[in-house]
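**Q** Take this structure, written in structure tokens, and hold onto it; I'll ask about it next.
The values are calculated or read from the model by the stated rules, or taken from the named source; none is laboratory data. Source: prediction; values computed, not measured. Don't worry about glycine lacking a Cβ; one is built from the backbone with ideal geometry, like all the others, and counts go over all protein chains shown. What goes into the accessible areas is simple: the full protein's heavy atoms, side chains included, and nothing from ligands, DNA or RNA. Shrake-Rupley method; radii C 1.70, N 1.55, O 1.52, S 1.80 Å.
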Amino acid sequence: MQPQQQSLLYLHIAVLLFGGTALFAKLIGLNALDITVYRAAIAGIAIYILLNVQKKQIKLNKPKDYLIAILLGAAVGIHWVTYFAGMQMAGITIGMLAFFSYPVITVFLEPLVNKSKPKTKDVISAAVVILGIYLLVPTANLGDDVTLGVITGVVSALFFSIRNITHKRYFSQYGGPQTMFYQTLVASLMLCAFIEVPVYEVSSHDLLLILIAGVIFTATPHSLFAASLKHLSAATAGLISCLQPLYGTLLAIIIIHERPSIMTLVGGVLIVSAACFETWSITRKGRQ
């Protein structure tokens, strides 16, 4: 197999595993915060072992980078808690689609950081995403779990965007596994004081699922994604990542027999189309 083909396979497996992560919101019998703490801790240990096996640097270059790592870890922690909470309230498909508004949120946040104005195409993309999210919401009643799940998913997207922008500006000199080690470490330590079910009370079934979520569905895809970038462009990686909601929805249909409505699918098409367009637009601009 050619290096480029192998990298493409790695990338698709990584995106498939990222999409499958959402399933654990329904499969594990814990609340979103507990899932996040245990998943982050397991993933952090797995990545630490991987870094040592590969003899890669773990220590950061500058003292100020540790502060940035803490900020990134805090953003990831909030992102993961709201990500799983959105799935638990609204279902896998709707929660994931609401989260996938993050590419459009990112193109609106970046101009604030760069002190520039959003472009017309970005405003149009935002309008398409808002329409898509509107189609996901069954009622404007905040007492409705699906509505709350959609809002929580968008909050998750916001913190994921903040994490990505911060990483790009202040932490991009570090590799993917090294970055994820610090983010998972900070996220687990930051949230562990708030866990509802201590580890010794977690059932063996849930512990096994947490182990799978942490190692196979967190540490592994991040490593595969980083490895794929050696022979693939950022444009390819970004566009294939847009398949994550599709993979997640298909897995939810097959494994937990979730049945999204027509309105959900239409809203999802609008959101993912806008996300793909923004991803393509950004990477195209980067090549020029």
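**Q** For the structure I just gave you, tell me whether Gly214 is of a type outside the set (S, T, N, Q) and more than 17 Å from Ala40 (Cβ to Cβ).
**A** On the way: of a type outside the set (S, T, N, Q): yes; more than 17 Å from Ala40 (Cβ to Cβ): no.
Here the answer is no, as Gly214 does not meet what is asked.
**Q** What number goes with the only condition from (1) modelled with pLDDT of 95 or more; (2) in contact with a Lys or Arg (Cβ under 6 Å, 6 or more places away or on another chain) that Val76 does not pass?
**A** It fails just one condition, (1).
**Q** Would you confirm, using the coordinates I've provided, whether Ile124 is without any contact (Cβ under 8 Å) to a residue 12 or more places away in the chain, outside any loop (DSSP other than H, G, I, E, B) and over 19 Å from Gly19 (Cβ atoms)? Quick ask: steps written out before the conclusion?
**A** On the way: without any contact (Cβ under 8 Å) to a residue 12 or more places away in the chain: yes; outside any loop (DSSP other than H, G, I, E, B): yes; over 19 Å from Gly19 (Cβ atoms): yes.
It is true that Ile124 is without any contact (Cβ under 8 Å) to a residue 12 or more places away in the chain, outside any loop (DSSP other than H, G, I, E, B) and over 19 Å from Gly19 (Cβ atoms).
**Q** So, one more: Considering only segment 42-79, state which residues are open to solvent by 20 Å² or more (accessible area, probe 1.4 Å), assigned to a helix (DSSP H, G or I) and aliphatic (A, V, I, L, M). Please lay out each step first, then the result.
**A** Step one: list which residues in segment 42-79 are open to solvent by 20 Å² or more (accessible area, probe 1.4 Å), which gives 42, 45-46, 48-50, 52-59, 61-64, 66-68, 70-71, 74, 78.
Okay, now just the ones that are also assigned to a helix (DSSP H, G or I), so 42, 45-46, 48-50, 52-53, 63-64, 66-68, 70-71, 74, 78.
Residues satisfying the conditions are Ile42, Ile45, Ala46, Ile49, Leu50, Val53, Leu67, Ile68, Ile70, Leu71, Ala74, Ile78.
**Q** Here is a follow-up. Quick test of your reading of the structure: Glu196 fulfils all but one of (1) in a helix (DSSP H, G or I); (2) modelled with pLDDT of 90 or more; (3) over 17 Å from Ile105 (Cβ atoms). Name the failing condition by number.
**A** (1)
**Q** State the number of residues belonging to segment 156-174 that are among the aromatic types (Phe, Trp, Tyr) and open to solvent by less than 20 Å² (accessible area, probe 1.4 Å).
**A** Kept after step one, since they are among the aromatic types (Phe, Trp, Tyr), are these residues of segment 156-174: 159-160, 170-171, 174.
Those still in the list that are open to solvent by less than 20 Å² (accessible area, probe 1.4 Å) too: 171, 174.
Residues meeting the conditions: 2.
**Q** Sticking with this structure for a sec: Counting only residues that are of a type in the set (Phe, Trp, Tyr) and either modelled with pLDDT of 85 or more or not in a helix (DSSP H, G or I) (or both), how many does segment 238-288 have? Talk me through it step by step, then tell me what you get.
**A** Filtering segment 238-288 for residues of a type in the set (Phe, Trp, Tyr) gives 247, 277, 280.
Then keep just the ones that are either modelled with pLDDT of 85 or more or not in a helix (DSSP H, G or I) (or both); that gives 247.
Adding up the residues that qualify gives 1.
**Q** Right, next: Open to solvent by 10 Å² or more (accessible area, probe 1.4 Å), of a type in the set (Gly, Ala, Ser) and touching a residue at least 60 places away in the same chain (Cβ under 8 Å): does that describe Ala90?
**A** On the way: open to solvent by 10 Å² or more (accessible area, probe 1.4 Å): yes; of a type in the set (Gly, Ala, Ser): yes; touching a residue at least 60 places away in the same chain (Cβ under 8 Å): yes.
When the stated conditions are applied, Ala90 passes them.
**Q** Of all the residues that make up segment 127-137, how many are farther than 17 Å from Thr93 by Cβ and either more than 21 Å from the chain's Cα centre (by Cα) or touching a residue at least 40 places away in the same chain (Cβ under 8 Å) (or both)?
**A** Filtering segment 127-137 down to residues farther than 17 Å from Thr93 by Cβ leaves 127-128, 130-131.
When the remaining residues are screened for being either more than 21 Å from the chain's Cα centre (by Cα) or touching a residue at least 40 places away in the same chain (Cβ under 8 Å) (or both), the result is 127-128, 131.
Counting residues in segment 127-137 that are farther than 17 Å from Thr93 by Cβ and either more than 21 Å from the chain's Cα centre (by Cα) or touching a residue at least 40 places away in the same chain (Cβ under 8 Å) (or both) gives 3.
**Q** Shifting gears a bit: Residue by residue through segment 128-155, note down the ones that are open to solvent by less than 60 Å² (accessible area, probe 1.4 Å) and more than 20 Å from Tyr83 (Cα to Cα).
**A** Matches in segment 128-155: Val128, Thr139.
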